[in-house]
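Report on the following structure.
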Number of protein chains: 4
Amino acid sequence: MLQSPEEKKRAITRLRRIRGQAEALERAIEAGTGCAGLLQQIVAMRGATNGLMAQVMESYLRDTYGRDRQHSPDESARDIDETMNILRTYFK
Amino acid sequence: MLQSPEEKKRAITRLRRIRGQAEALERAIEAGTGCAGLLQQIVAMRGATNGLMAQVMESYLRDTYGRDRQHSPDESARDIDETMNILRTYFK
Amino acid sequence: MLQSPEEKKRAITRLRRIRGQAEALERAIEAGTGCAGLLQQIVAMRGATNGLMAQVMESYLRDTYGRDRQHSPDESARDIDETMNILRTYFK
Amino acid sequence: MLQSPEEKKRAITRLRRIRGQAEALERAIEAGTGCAGLLQQIVAMRGATNGLMAQVMESYLRDTYGRDRQHSPDESARDIDETMNILRTYFK
């Protein structure tokens, strides 16, 4: 999990930005905004999602592989399988 | 812009799903959910954003290049520059 | 198709770079290079592939939708379906 | 590094396929193949590169975080920074 209050706050701020972008997109659609403008807003929302992904991935790696936790071989293997399941969605 | 009421409704349904996913992620962070679970939810939200992108891109192409609009060479060149500016964010 | 000799030359230069990167990667694997180094080389090769994609996509859009070709509605619809089939691989 | 002969062989097979795809693309360009066909071949080459990335990433994770290596906190922190530098290219 996200360890510090600062990390949680950063992630929640990103999520609220994404929600704001989604709400703005809804208004833009209702107002008949051109598709080019809608696409640029969606690209920005996708960028915000990728930023959130990078932040949580770093916390995940520190949680899973960091500090001085002694990893048994089995535990490590399971961790790595879990990590690859997530990363494979990016290697398509 | 998104032409038909059905297209608008479909896009807004996708946006509401993204907002729901962002709200659920915020609750999960507050509840101390593990990072692996958070990452899977973010991957799902990214997938929903990509789905919205594909839908609006198709409308954009039909608006811009479809039907029987006669394209002057200059008009076409401007359209294509605009299209590439959007697509380049995906070819990084 | 790629219209001008310059465009063809540019695309072929990119392809030869990709081939060179693949050959260098093979040598690095044989030499026992660490995975972090291999990953950075693969990221560079992926970037070169994306660069080639952007170049050919622009030519494709100009070929398909540019200049003063008069598009019949059916012709346009087929073009757009074809374009979306290619783009959807990026919106996953 | 890629540990087993089998892993090396698998990665090299993937690289040779990518080289073959690049060579085929060069021939297709010289032969004046249409851009839609070229784009489909580039998408396939990109898929092969992503497949190679996934394979080497998994070996990298096992090398770096796997088995029974005792991680000192500093060593772990450096490993994770290195891992994130690679992954960030995917979270753009």
Residues located in segment B:48-79, provided they are modelled with pLDDT of 85 or more and small (Gly, Ala, Ser) = B:Ala48, B:Gly51, B:Ala54, B:Ser59, B:Ala77
Flag for B:Glu58 being among the charged types (D, E, K, R) and either closer than 22 Å to A:Thr83 by Cα or buried (at least 19 other Cβ atoms within 10 Å of the Cβ) (or both) | yes
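Do you know which residues across segment B:2-22 are over 13 Å from the mean Cα position of the chain (by Cα) and either surrounded by 21 or more Cβ atoms within 10 Å (Cβ to Cβ) or within 7 Å of chain A (Cβ to nearest Cβ) (or both)? Full working, then the answer.
Of the residues in segment B:2-22, the ones over 13 Å from the mean Cα position of the chain (by Cα) are B:3-6, B:9, B:19-22.
Scanning segment B:2-22 gives B:Arg19, B:Gln21, B:Ala22.
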Could you list, in sequence order, the residues of segment C:29-46 that are crowded, with 17+ Cβ neighbours inside 10 Å and of a type in the set (Gly, Ala, Ser)?
-> C:Ala36
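May I ask you to list the residues in segment D:71-85 that are crowded, with 18+ Cβ neighbours inside 10 Å and within 17 Å of the chain's Cα centre (by Cα)? Please lay out each step first, then the result.
Here is the first cut: in segment D:71-85, the residues crowded, with 18+ Cβ neighbours inside 10 Å are D:71, D:76, D:79-80, D:83.
Of everything in segment D:71-85, just one residue is crowded, with 18+ Cβ neighbours inside 10 Å and within 17 Å of the chain's Cα centre (by Cα), namely D:Thr83.
Closer than 18 Å to D:Glu23 by Cβ, of a type outside the set (A, V, I, L, M) and free of Cβ contacts under 8 Å to residues at least 12 places away in the same chain, is that true of C:Glu30? Break it down into steps so the answer makes sense when it comes.
Numbers: closer than 18 Å to D:Glu23 by Cβ: no; of a type outside the set (A, V, I, L, M): yes; free of Cβ contacts under 8 Å to residues at least 12 places away in the same chain: yes.
Judged against the criteria, C:Glu30 is not a match.
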For A:Glu26, all conditions in the list (1) more than 7 Å from chain B (Cβ to nearest Cβ); (2) surrounded by fewer than 22 Cβ atoms within 10 Å (Cβ to Cβ) hold save one; what is the number of the exception?
-> (1)
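Yes/no matrix, rows are residues, columns are (1) touching a Gly at 6+ places or on another chain (Cβ under 9 Å); (2) among the small types (Gly, Ala, Ser):
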{"residue": "D:Leu25", "(1), (2)": "no, no"}
{"residue": "D:Gly32", "(1), (2)": "no, yes"}
{"residue": "D:Cys35", "(1), (2)": "no, no"}
{"residue": "D:Ile42", "(1), (2)": "no, no"}
{"residue": "D:Asp63", "(1), (2)": "yes, no"}
{"residue": "D:Asp74", "(1), (2)": "no, no"}
{"residue": "D:Phe91", "(1), (2)": "yes, no"}
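If you go through segment A:29-45 one residue at a time, how many are of a type in the set (D, E, K, R) and more than 9 Å from chain B (Cβ to nearest Cβ)?
Residues flagged as of a type in the set (D, E, K, R) and more than 9 Å from chain B (Cβ to nearest Cβ) within segment A:29-45 amount to 0.
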So is A:Ala48 more than 15 Å from the chain's Cα centre (by Cα) and more than 9 Å from chain B (Cβ to nearest Cβ) or not?
-> no
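The values are calculated or read from the model by the stated rules, or taken from the named source; none is laboratory data. Nothing here was measured: the structure is a model prediction, and the numbers come from that model. Note that each Cβ is placed from the backbone with ideal geometry, even for glycine, and that neighbours are counted across all protein chains shown.
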